[in-house]
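The values are calculated or read from the model by the stated rules, or taken from the named source; none is laboratory data. This is a predicted model, so every value here is computed, not measured. Note that each Cβ is placed from the backbone with ideal geometry, even for glycine, and that neighbours are counted across all protein chains shown. The area values use the complete protein model at the heavy-atom level, side chains included, leaving out ligands, DNA and RNA. Shrake-Rupley method; radii C 1.70, N 1.55, O 1.52, S 1.80 Å.
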Amino acid sequence: MADENLDVLVICGSLRKGSYNAALARSLPRFAPPAIKFRDAPPWGGFPLYNADVHNASGVPADVNALADAIRAADAIMFVSPEYNWSIPGGLKNAIDWMSRLKEQPFNGKPVAVQSAAPGLLGGSRMQYHLRQSLTALDVFWFGRPEVIVNLAAKKFDEKTLELTDQTTMDMIKLQLEAFEKFIRKVSGK
Ligand SMILES: Cc1cc2nc3c(=O)[nH]c(=O)nc-3n(C[C@H](O)[C@H](O)[C@H](O)COP(=O)(O)O)c2cc1C
């Protein structure tokens, strides 16, 4: 049914309180078509570093299972993340590595989109390409365009409230979310 609500899990790649990416993630409902309902992912910041010996000996930590269950239950996933050293932030990559080792691998067959923000000129775009590469290994359906890359982030969010203030960025987010809704419905048949 084309008007059925879509449950989209948001995974933010920054743990920082004043994070631009967390601010971008918080802005999503403002620009989304009415059928998209966003839900924050359970925290992944406390996951132990992936070690197969520990996994085999002690099993899967509860917080790892909580994230996996949230991903499995979602119709789609939206990543909103910075770029660290031209790539995926290590903590987020560790969380993805945990997901990849679980039975009923949670990302399998999920529609996934990404947004990024950074104070620099490239806006975290290199993270986006690396994330696409890693998640393609996990059999997601990757949403391509329109892209949301928020460069020069310090000029695009209110300094005090961290509210997004840049109209061009808002327009891009709207276009992306409209297209992502169509993509999710095409992939999921919902
Ligand atoms: C370890 C580390 C590596 C970084 N590497 C990059 C980088 O490769 N490219 C970039 O644009 N910004 C880089 N930055 C700057 C981040 O984009 C900036 O700190 C940004 O505000 C982080 O996102 P957040 O505000 O959501 O926490 C790096 C920051 C850290 C802490």
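General remarks:
- Residues satisfying the stated conditions in region 156-189, i.e. without any contact (Cβ under 8 Å) to a residue 60 or more places away in the chain and β-branched (Val, Ile, Thr): 161, 165, 168, 169
- Per-region count, region 68-89, residues over 16 Å from residue 133 (Cβ atoms) and free of Cβ contacts under 8 Å to residues at least 40 places away in the same chain: 3
- Of the set (1) buried (at least 23 other Cβ atoms within 10 Å of the Cβ); (2) away from the ligand (no atom under 16 Å from the Cβ), all apply to residue 150 but (2).
- Looking at 117, 76, 113, 179, just one residue is within 15 Å of residue 14 (Cα to Cα) and surrounded by 13 or more Cβ atoms within 10 Å (Cβ to Cβ), and that residue is 117.
- Qualifying position, being under 12 Å from the mean Cα position of the chain (by Cα) and of a type in the set (Ser, Thr, Tyr), among 116, 87: 116
- Matching residues, region 39-54, being closer than 24 Å to residue 177 by Cα, in contact with a strand residue (DSSP E or B) (Cβ under 9 Å, 6 or more places away or on another chain) and open to solvent by less than 50 Å² (accessible area, probe 1.4 Å): 41
- Residues in region 74-129 that are part of a loop (DSSP other than H, G, I, E, B), of a type in the set (D, E, K, R) and within 13 Å of the ligand (Cβ to nearest atom): 83 alone.
- Criterion (under 21 Å from residue 148 (Cβ atoms) and within 17 Å of the chain's Cα centre (by Cα)) met by exactly one of 74, 66, 70: 74
- Test: residue 60 is in contact with a Leu (Cβ under 9 Å, 6 or more places away or on another chain), surrounded by fewer than 16 Cβ atoms within 10 Å (Cβ to Cβ) and among the hydrophobic types (A, V, I, L, M, F, W, C): yes
- Near pairs, Cβ below 8 angstrom, 6+ apart or cross-chain, from region 6-18 (open to solvent by 10 Å² or more (accessible area, probe 1.4 Å)) to any residue that is near the ligand (Cβ under 7 Å from one of its atoms) and not aromatic (Phe, Trp, Tyr): 12/19; 12/21; 12/22; 14/21; 14/22; 14/82; 16/22
- Residue match in region 9-30 (condition: more than 23 Å from residue 118 (Cα to Cα), of a type in the set (D, E, K, R) and more than 16 Å from the ligand (Cβ to nearest atom)): no
- One residue alone among 100, 87 is modelled with pLDDT of 95 or more and in contact with a Lys or Arg (Cβ under 9 Å, 6 or more places away or on another chain), and that residue is 87.
- Considering (1) open to solvent by 50 Å² or more (accessible area, probe 1.4 Å); (2) farther than 20 Å from residue 28 by Cα; (3) part of a loop (DSSP other than H, G, I, E, B), the lone condition that residue 160 does not fulfil carries the number (2).
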